[in-house]
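A short worksheet on the structure shown next.
Since every read-out is calculated from the coordinates, none of them should be taken as a lab result. Keep in mind that this is a model prediction, so the values were computed, not measured. Every residue, glycine as well, gets a Cβ built from its backbone with ideal geometry; the counts of neighbours run over all protein chains shown.
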């Protein structure tokens, strides 16, 4: 009565023989998985691509913007200073599929930005994308 299950009729195998027979496929599967991960986990010799430089590591350039606002509130379009009253003449035509890109210096106050947004709205630019710079 030591067997958990009675042997199938005519097999003549005991419990240990039957357990051993059922463990063999499991051992084979574990071995194949081990071999797969050893081969798949090999380190490749290919180099990773170079990352672009971050601010403060040389190669620093300003953002590609349609309109830039300096810390003192001066506005620049395509590198040229412009008066707020002339924004409608020098900015590109408003396009619904592409918002106006505005780069503002980090020291610009929210009141100055709000005044600029109101001016831009009067000349037809209702969709503005504010470009930011990460903190160093």
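What to note about this one:
- Net lengthening on full extension, residue 22/residue 115 (0.36 nm per residue, minus Cα-Cα): 25.6 nm
- Separation in nanometres of the label points that stand 7 Å from Cα toward Cβ, at residue 86 and residue 50: 4.0
- The modelled label-to-label distance for the pair residue 32/residue 74, using points 7 Å beyond Cα in the direction of Cβ, is 7.3 nm.
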